[in-house]
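Scroll down for the structure; my scribbles are underneath it.
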Amino acid sequence: MHEVKRGGQFGVVAEFDNPDSLIEAATKALDQGYSKMDAFSPFPVHGLPEAIGFKEAKVPWTVFIAGILGGGGGMALQYWVSVIAYPHNVGGRPLFSWPSFIPPAYELTILFAAFGAVFGMIGLNKLPQPHHPVFDAPNFDRASQDRFFLLIESHDPNFNEKETPSFLSKTDALNVTVINKEEEGDW
Amino acid sequence: MSDLNDNRPNVDLLIEGEHTHETITQTIGSVVLEQGKYNDPKHKVGKNWILLALLFFGLLNVMMVAVGWLLYQGIGVWGNNQPSGWGFDIINFVWWIGIGHAGTLISAVLLLMRQKWRMSINRFAEAMTIFAVMCAGLFPLLHTGRPWNAYWLFPYPNWMALWPNFRSPLVWDVFAVSTYMTVSILFWGIGLVPDFASLRDRTKSKIGKTLYGFASLGWRGSTKHWMRYEQAYYILGGLSTPLVLSVHSIVSFDFAVSILPGWHTTLFPPYFVAGAVFAGFAMVLTFLIPMRTWFNLTDFVTMKHIDWMCKVMLATGLIVFYGYLAEIYFAFYSGNKGEIDMMINRMFGPYWWAYYTLILTNGIIPQMLWKQKNRHNLKLVMFISCVISVGMWFERFVIIPMSLHRDFLPSSWGMYVPTIWDIGMFIGTIGMFAFLMFLFVRFVPMISIFEIRELLHVSKPKKGGHS
C-alpha cells in the first residue's frame, strides 16, 4: 500500500454571470502579473484569449504541414504507381500525366489537412480528459450553459493562498472558491 | 468582433422571442433529454414521428430486400444494359450527392462569409449531408457488381501487383467522395462536442451522463480550448469550401471527360455545383419546415431563415436554368451532328416528357419564389421544394440515359427502362435517409446550441448582465 497523497490547492475559481465582467477580471489579473490562468465559458467569447494572455497558432501550422504531406504524398504515390510500379499506356498519355493526378492529390491535401485540424485541436487541448479539478467548482455545470469562470492556477509564480482569493473577490465575481488537486485514488 | 459582422442584416431578428442562454439550452436540449414527452402518442409530435418513422423504416427494408436480391442475382436484375450501361445507379448517386452539398455550403461557405443565420440550420444540414452521402455511396458500390471487392479501388499493395488508373475520373470520384464523407463527419463531429458537454451537464440520467460524457471528450469550455477550437473550425470551413466545389466538379467529370454528345461540355462543373446547392436547399426545407414546428424551434429557425433559403434556391435555380439554355446553344453552335441530334432527341425523342418535366419543375415552378408572399407560405414552399427534388432527379435522368440510349451507330440504339429492383432500391434509400434524419432529431441536438448562445451574445447590445 502506498500512501495517499493529499493534492493541495489546484487554484482559485471565480464565477461570473456575464462575459464582460469575466474579461474585465481577467484583464485585471493579467495586469497584476498572473500568467497561469484559464477561463471557462459556454461559447467562444471574443477578446477572452487576449484577456488571459493566451496566444497560439499551433493549430494552423499543424494543418499546413498535414496539408503539404497529404498533397505531396498523394502526388508521390501516383507518380510511383503510374511510372514505377505499374507503368501502362492509357490512351497514349505520358506515364507521368500530372494534370490527371491533380484531383486525387487535391482531395488528399484536404483530407490530411482536415485530420490535422481536428486531431491537432483535440491533441493540443489534451482531450479526451474526462475529469479535471475545475469540475469541482460550485455551479460549474453551468459553464456549459450560462455562467463564466476564471481560474488562477496555484503554480502561478504570483499565486498566494490568501491574496489571490481576496483579489478575485474584489471583482464582479458572484463567488470565489478554492479548489483542490485530485487526490490519488480518486480514479 | 470584426467589422464584417456589423454588415449583417437585422441580426437581432435571427432569434425570435425572449431568450436567455438558459432557455436556449432548454428549448433545444429538451428534444433530446425529455424523450418521454415526445414519445407520448397524445403529443402532436409523438403520433407523427412514430407513424412516419415506421413508414420510413418500412421503406428502408424495401431497400434491404432490393439489395439482397441484387447481391444474390447480380446486377442483371437492374435495367441498365447496353447501350445504357448507366441508369438508376448513377442517376441516384449524383442526385443524392448533390442533396448533400447544401449541408457543406451552409456549414462552410456561409461560415466564411460570416452569415450568422447559418448557425440555426448548420447542424441539421450537416446531418443531412452525411446521410445523403451514405445513400449516394451505396449506388456505385453496388454497381461494381462485387461490392465485397470494392476496396480494390483504393491504392494498396496487393499480391496481384495491380494499381488503380489515376487517369480515370471514376478513380478521382473514389477519392473525392470518400474525402467528402470523412471531412463532413469530422466537421459535424467537432461541432457536436460542446453541445454534448451541455447535455452531459443537464441530463439527469446516469446512462445519459456517461454517454454524453464520453461523446463530449470531457469538454470544459476552457478559453484555450475554445481558441484552438475556433481556429480548427474556421480552417475546416476554409477546407470544406473548395472541397464541396471539387466533389461535384469531379462527379461532373465522370461525364464531361468522356466524348459522348451531351456530356462533353465545359459547362458541366459549375452547372452541377449550382444544381447540387439547389437540390440540397430544397431537401433542407422539406425536412426543416415540419421539424421546426413539431419540436417548437420556430424561435431559432424563423421565417427569415426560410425566406433566405428560398432566395438561395431561386438564385441557384436560375443558374441551373441558364445551364439548360446554354446546353441548347452549345449543341447547335457546335455544328456537330452528334450534338445536334442529341439535343433534338432530348426535345422530341422518346423521352421528350422527361425533358419537359425537367424544364417545368426546375425552370418554371421555382420562379414562384420571386414573390415574398409565396416564400412565406410554408405549404407552398414545401411543395416547391419537393418539386425541385423531383426536377433535379429528372435532370440526371435527362443527362444519363438520354445521352446513352442513342449510341453512335443506329444499330446499337436501345431504350432504358428501370426494373422493379431499381425502383425498390431508389425508394429504399429515400426511406433510409428519412429514417436516419428522424433518429438524428431525437438523439442529437438538431440545432447547434453553443452557436445560438454566441449568436444571442453578439446580437444583443452590450449591457451589465443578461443571465
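The values are calculated or read from the model by the stated rules, or taken from the named source; none is laboratory data. Predicted model, so just to flag it, every value in this text is computed and none were measured. No Cβ is skipped: glycine too gets one built from the backbone with ideal geometry, and neighbour counts run over all protein chains shown.
Pick out the one residue from B:284, B:301, B:277 that is outside any helix (DSSP H, G or I) and out of contact with any Asp or Glu (no Cβ under 8 Å at 6 or more places or on another chain). Spell out the reasoning first.
Values: B:284 fails: outside any helix (DSSP H, G or I); B:277 fails: outside any helix (DSSP H, G or I).
Exactly one of B:284, B:301, B:277 is outside any helix (DSSP H, G or I) and out of contact with any Asp or Glu (no Cβ under 8 Å at 6 or more places or on another chain), namely B:301.
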Which of (1) facing chain A (nearest Cβ under 10 Å); (2) buried (at least 24 other Cβ atoms within 10 Å of the Cβ); (3) hydrophobic (A, V, I, L, M, F, W, C) does residue B:132 not meet, given it meets every other one?
(1)
Condition check for residue A:146: facing another protein chain (nearest Cβ under 7 Å) and touching a Lys or Arg at 6+ places or on another chain (Cβ under 9 Å):
yes
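Which one is farthest from residue B:140 (Cα to Cα) among residues in segment B:45-78 that are of a type in the set (Phe, Trp, Tyr) and in a helix (DSSP H, G or I)?
Top of the filtered list is B:49.
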Report every pair of residues separated by at least 6 positions or lying on different chains whose Cβ atoms are under 7 Å apart, first residue within segment B:97-120 and in a loop (DSSP other than H, G, I, E, B), second of a type in the set (A, V, I, L, M).
B:114/B:4
Of the candidates A:139, A:125, A:175, the one satisfying the condition of being within 30 Å of residue A:18 (Cα to Cα) and either facing another protein chain (nearest Cβ under 10 Å) or hydroxyl-bearing (Ser, Thr, Tyr) (or both) is A:125
Tell me, which residue of segment B:219-269 that is facing chain A (nearest Cβ under 10 Å) and within 19 Å of residue B:171 (Cβ to Cβ) is surrounded by the fewest Cβ atoms within 10 Å (Cβ to Cβ)?
B:257
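Any residue at all in segment B:179-191 that is closer than 30 Å to residue A:93 by Cα and within 11 Å of chain A (Cβ to nearest Cβ)? Spell out the reasoning first.
Filtering segment B:179-191 down to residues closer than 30 Å to residue A:93 by Cα leaves B:179-180.
Checking the rest, the ones that are also within 11 Å of chain A (Cβ to nearest Cβ) come to B:179-180.
Looking for residues that are closer than 30 Å to residue A:93 by Cα and within 11 Å of chain A (Cβ to nearest Cβ), one finds at least one in segment B:179-191, hence yes.
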Going through segment A:63-91 in order, the residues found to be over 30 Å from residue A:122 (Cβ atoms) and among the aromatic types (Phe, Trp, Tyr) are A:79, A:80, A:86
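Of B:60, B:70, B:52, which residue is more than 29 Å from residue B:442 (Cα to Cα) and modelled with pLDDT of 90 or more?
Values: B:60 fails: more than 29 Å from residue B:442 (Cα to Cα); B:52 fails: more than 29 Å from residue B:442 (Cα to Cα).
Exactly one of B:60, B:70, B:52 is more than 29 Å from residue B:442 (Cα to Cα) and modelled with pLDDT of 90 or more, namely B:70.
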Out of the residues in segment A:24-71 meeting the condition of being outside any helix (DSSP H, G or I) and more than 11 Å from chain B (Cβ to nearest Cβ), tell me which one is surrounded by the most Cβ atoms within 10 Å (Cβ to Cβ).
A:34
Any idea how many residues of segment B:195-218 are more than 7 Å from every other protein chain (Cβ to nearest Cβ), part of a helix (DSSP H, G or I) and touching a residue at least 24 places away in the same chain (Cβ under 8 Å)?
4
If residue A:130 satisfies every condition in (1) assigned to a loop (DSSP other than H, G, I, E, B); (2) more than 10 Å from chain B (Cβ to nearest Cβ); (3) in contact with a Phe, Trp or Tyr (Cβ under 9 Å, 6 or more places away or on another chain) but one, which is the exception?
(2)
So, in segment B:376-422, how many residues would count as being farther than 23 Å from residue B:359 by Cα and β-branched (Val, Ile, Thr)?
2
Cβ-Cβ under 7 Å, sequence separation 6+ or interchain: first residue in segment A:87-102 and farther than 13 Å from residue B:169 by Cα and free of Cβ contacts under 8 Å to residues at least 40 places away in the same chain, partner among the aromatic types (Phe, Trp, Tyr) and not in a loop (DSSP other than H, G, I, E, B). Which pairs?
A:96/A:79
May I ask you to list the residues in segment B:219-255 that are under 17 Å from residue B:450 (Cα atoms), free of Cβ contacts under 8 Å to residues at least 40 places away in the same chain and not hydrophobic (A, V, I, L, M, F, W, C)?
B:220, B:221, B:222, B:223, B:224, B:225, B:228, B:229, B:230, B:231
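Can you work out which of the residues in segment A:72-113 that are farther than 18 Å from residue B:154 by Cβ and in a helix (DSSP H, G or I) is farthest from the other protein chains (Cβ to nearest Cβ)? Walk me through it before giving the result.
Pass one, segment A:72-113, residues farther than 18 Å from residue B:154 by Cβ: A:72, A:83-84, A:87-99, A:102, A:113.
Pick out the ones that are also in a helix (DSSP H, G or I) and you get A:72, A:83-84, A:98-99, A:102, A:113.
Values: A:72: 15, A:83: 11, A:84: 10, A:98: 10, A:99: 9, A:102: 9, A:113: 5 Å.
Ranking the qualifying residues of segment A:72-113, first place goes to A:72.
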A careful count of residues in segment A:132-185 that are loosely packed, with under 14 Cβ neighbours inside 10 Å and without any contact (Cβ under 8 Å) to a residue 12 or more places away in the chain gives 5
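Test residue B:294 against the stated conditions and say whether it is surrounded by fewer than 22 Cβ atoms within 10 Å (Cβ to Cβ), under 18 Å from the mean Cα position of the chain (by Cα) and touching a residue at least 60 places away in the same chain (Cβ under 8 Å).
Numbers: surrounded by fewer than 22 Cβ atoms within 10 Å (Cβ to Cβ): yes; under 18 Å from the mean Cα position of the chain (by Cα): no; touching a residue at least 60 places away in the same chain (Cβ under 8 Å): yes.
No, not satisfied.
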Would you please list the contacts, defined by Cβ atoms under 9 Å and residues six or more apart or on different chains, that run from a residue in segment B:150-170 that is facing another protein chain (nearest Cβ under 10 Å) and crowded, with 17+ Cβ neighbours inside 10 Å to a residue that is β-branched (Val, Ile, Thr) and assigned to a loop (DSSP other than H, G, I, E, B)?
B:167/A:90; B:169/B:257
